[in-house]
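Presented below is the structure to which this report refers.
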Amino acid sequence: MPITQDDLVRAPRLPAVPVLSLASFGRAGATLPALDQAPAVALVSSGRIAIGMALRALGVSSGDAVLLPAYHSPSMVPPVLWRGARPVFYRVHQDTSADLADIRGKLDPSVKAIIVTHLFGFPQDLTALCALCDAHGIGLIEDCAHCFFGRHGDTAVGTSGDYAIGSSMKFFPIFEGGCLVSHRHRLPDTLSSAGIGFEAKAALATLEASFAHDRLRWLGAVLALPLRLKSALWQRIKQRRASSASPDAGSAGAALAPSSSDSSFEFDPSWVDRRSAWFSRMVLRRSARARIVTQRRRNYQALEQALAAVAGWRPLFPTLDDGACPWVFPLLADAPEALHAQLRAAGVPMVRFGATLWPGVDASVCSNSAYLGRHLFGLPCHQELRPAELAGMIAAVQHALRTVAEQPQ
Ligand SMILES: *Cc1c(COP(=O)(O)O)cnc(C)c1O
C-alpha cells in the first residue's frame, strides 16, 4: 500500500547522531564510569581500527581463530581478516548476551581471542567468560562501541578483558574517533598524526553537521566565508588526489577520513596507529559527560513510556539498568517491513542493527541473531536531541505503529 502525505506525521529533521552545541561542553564528571578512565588509553580514529590494534597486541595472526558474536556489526570482521585470522561466530541469547555453552563448544587450540559486545549500551556480566578466557589463555576483547559509559553491578565497562574498544563518535559530537584501552597491558605510546588535511576535516565536518541542524548558528555566521573558501580548496585537493597516481605516503592512505564515518564496513590498515584528530580529542575531553548519561537515559525512558501506549512492538530490554547509558532505544517490531516503510516515509532516523550480518551468518548459525536482525529498530536517544525534536519523533513513531496496526495482515 503506497504511503500518502495524509498518512504521515512527519518527524522534525532531527540529528540521527549527536551534533555539537554549546551545551555539549561542561564539567567532565560523569554519573557512570567511562571507557577512557583506564591506565592505558589510545585515542584512534575508529572502533574497528581499535579492534585491529587489540588483535595485533594479542598476537593474533594467520591460522588463528577469533570468536565473534553472531549478532554483530559487520565492521568487526575485517580487522580479524586483516590479521589473517579466521572469524568464528558464537550464538547469543534473545537478550543479545553471549551464549557461554556455545562458546565452550567452539573452543579449540586455534582460538586466540574472543570479542564480546555490550549491545546498545547495556553492560553484560562477563565474570564467567573472563574466567573461561583466563583458564584457556585466550585474549578477551570487550567491544564497548555501544557502551562508552556504564557498569554491570560494580564492574565498570572495559575493565574485564585484556583490551576494550570504543567508538567515541557514537556518543560524542565528533566526526571520527575510537579508543583502545586496557587495564592489564601497556599500549603503543607512539600514535602518529594522520596529517593536516585530516585535522581540518575532523573539525570542519563536526561544525558543518552542527550548523546543518541549526546549532551554533552564531558561529556558523562567523564562519560562513571561511567555510566557503574551504569548500573551494577541498575540491582542488580532491582533484589533485584523484589525479596523482601513487597514494600519498605522508598522510594516511588515499582517503582523508576513516571509513567508519561513512557507515561502510571497510577496514583501511593505513589508519592503524594514527591518532584521532585534535578537535575530536578536545571535544571528548571537554564534554559534559554527566549530561550525556542523564539525557540519554531520560530520552530512552521518554520513548519507552510514550510508546507503551501503542501496540506492535516491545522493548528489547524489559528495564533500563542503573548501569546502562543507551546508544539507541532498541525496540522489536511485530511487522518490521511495514514499520520500516512508515518510519522512512516519516523521516524518522533509525538503525537496523544486524539487518546485515557477515555472509554465512544466518538462522542456522544463530536463530536469535537472525530474529534480532529482522525485527530490531534502534531509535535515536542521544543527548543532543531537543525536547521538541524528541516529542516530534515520538509522535511520528506512535503514528507509524498505529498505521501499521490498522493495515490488513
Ligand atoms: C560501530 C561498531 C563497531 C565499530 O566502530 P567504528 O567506530 O564504526 O569503527 C564495532 N562494534 C560494534 C558493535 C559497532 O556497532
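The values are calculated or read from the model by the stated rules, or taken from the named source; none is laboratory data. Only a predicted model underlies this, so the values are computations on that prediction, with no experimental measurement involved. As a convention, Cβ positions derive from the backbone with ideal geometry for all residues, glycine included, and neighbour counts pool all protein chains shown. For accessibility, only protein heavy atoms count, side chains too; no ligands or nucleic acids. Shrake-Rupley method; radii C 1.70, N 1.55, O 1.52, S 1.80 Å.
Would you mind working out the magnitude of the charge dipole of the stretch 291-409 relative to its Cα centre, with +1 at each Lys and Arg C-beta and -1 at each Asp and Glu C-beta, to the nearest 20 Debye?
240 debye
May I ask you to evaluate 6.51 cos²θ - 1.76 cosθ + 1.60, the Karplus curve with θ = phi - 60°, for each residue of the stretch 16-27 and list the ³J(HN,Hα) values in order in whole Hz, giving x for glycine and proline?
5, 10, x, 10, 5, 9, 4, 5, 4, 8, x, 5
How long, wide and thick is the stretch 10-117, going by the Cα atoms along their three principal axes, in whole angstroms, largest first?
Ordered largest first, the stretch 10-117 gives principal extents of 52, 37, 26 Å.
Packing-wise, with mean Cβ within 10 Å as the measure, how do 170-178, 383-391 rank, highest first?
170-178, 383-391
Lone cysteines in the chain, defined as no other cysteine's Cβ under 4.7 Å from theirs: which are they?
That list is Cys130, Cys133, Cys179, Cys325, Cys366, Cys381.
How do the peptides 220-226, 268-274 rank, highest first, by the average count of neighbouring beta carbon atoms within 10 Å per residue?
Taking the mean over residues of other Cβ atoms within 10 Å, the ranking is 268-274, 220-226.
What is the spin-label model distance, in nm, from Ala395 to Asp321 if the labels are put 7 Å beyond Cα along the C-beta direction?
Taking the simple label geometry, Ala395 and Asp321 are separated by 3.6 nm.
³J(HN,Hα) across the stretch 293-306 via Karplus (A = 6.51, B = -1.76, C = 1.60, θ = phi - 60°), whole Hz, x for Gly/Pro?
Each residue's phi maps through the Karplus curve to give 5, 5, 5, 5, 5, 5, 5, 4, 5, 4, 5, 4, 5, 5 Hz.
Given a Förster radius of 25 Å and the C-beta distance between Ala40 and Trp234 as r, what FRET efficiency does 1/(1 + (r/R0)^6) yield to the nearest 0.05?
Using R0 = 25 Å, I get an efficiency of 0.10.
Give me the compactness ratio for the stretch 267-409, meaning the Cα radius of gyration over 2.2 N^0.38 Å.
Normalised Rg, Cα atoms only: 1.22.
Report relative contact order for the chain in percent, whole number only (criteria: Cα-Cα under 8 Å, sequence separation at least 6).
Result for the chain is 27 percent.
Could you do me a favour and compute the accessible area per residue for the stretch 49-161, 1.4 Å probe, result in Å²?
32 Å²
With Cβ to Cβ distances under 12 Å as the rule, what net charge do the other residues near Leu216 carry (K, R +1; D, E -1)?
Summing Lys/Arg as +1 and Asp/Glu as -1 gives -1.
Take the Cα pairs of the stretch 106-185, get the Kirkwood Rh, then feed it into Stokes-Einstein at 10 °C and 1.306 mPa s and tell me D in µm²/s.
Using the Kirkwood radius from Cα pairs, D works out to 122 µm²/s.
For the pair Ala242 and Phe25, how long in nm is the line joining their label points, each one 7 Å along Cα→Cβ?
3.7 nm
Quick one: among Ala145, Ala203, Ala277, which has the greatest mean-square fluctuation in a GNM of the chain with alpha-carbon springs under 10 angstrom?
Residue with maximal mean-square fluctuation among Ala145, Ala203, Ala277: Ala203.
Under 8 Å for C-alpha pairs, at least 6 residues apart: give me the relative contact order for the stretch 88-243, rounded to a whole percent.
13 percent
Work from the charge dipole of the chain (Cβ charges, +1 for Lys and Arg, -1 for Asp and Glu, about the Cα centre) and give the residue of Ser193, Ala405, His93 farthest towards its positive end.
Value computed over the given set: Ser193.
If amide H atoms are built 1.01 Å from N in the plane of the peptide, which residues on other chains or at least 5 residues away come under 5 Å of the amide H of Phe25?
Hits under the 5 Å cutoff: Ala288.
Projected onto the charge dipole of the chain (+1 at Lys/Arg Cβ, -1 at Asp/Glu Cβ, origin at the Cα centre), which of Cys179, Ala395, Ile115 gives the Cα projection farthest towards the positive end?
Going by the charge dipole, the pick is Cys179.
Taking the alpha-carbon centroid of each part, what is the distance from the stretch 318-356 to the stretch 169-234 in angstrom?
Spelled out, the Cα-based centre of one part sits 27 Å from the other.
Amide H neighbours of Leu140 under 5 Å, counting only residues 5+ apart in sequence or on other chains, H built in-plane at 1.01 Å?
Residues meeting the amide H criterion: Ile114, Asp162, Tyr163.
By how many nm would the segment from Ala128 to Arg352 grow when fully extended, if each residue of separation counts as 0.36 nm and the alpha-carbon distance is taken off?
Full extension from Ala128 to Arg352 adds 77.7 nm.
In whole percent, how big is the carbon plus sulfur part of the accessible area of the stretch 285-366, probe 1.4 Å, protein atoms only?
52 percent
Sort His375, His136 by heavy-atom solvent-accessible area, probe 1.4 angstrom, most to least.
His136, His375
With charges only on Cβ, +1 for K and R and -1 for D and E, what is the dipole size of the chain about its Cα centre, in debye, rounded to 20?
1360 debye
Treating the beta-carbon of each Lys and Arg as +1 and of each Asp and Glu as -1, no other charges, what is the dipole magnitude of the stretch 104-242 about its Cα centre, to the nearest 20 debye?
The dipole magnitude comes to about 860 debye.
For the chain, state the average projected area of the convex hull of the C-alpha atoms over all orientations, rounded to one decimal in nm².
Over every viewing direction, the Cα hull of the chain projects on average to 21.2 nm².
What number comes out for the charge environment of Ser193, summing +1 per Lys or Arg and -1 per Asp or Glu over other residues with Cβ under 12 Å away?
+1
Which number gives the lysine pairs in the chain that have C-alpha atoms under 22 Å apart and are eight or more places apart or on different chains?
For the chain, the number of qualifying lysine pairs is 4.
Quick check: residue separation of Ala363 and Arg217 times 0.36 nm, minus the Cα distance between them. What number comes out in nm?
Length gained, Ala363 through Arg217: 47.7 nm.
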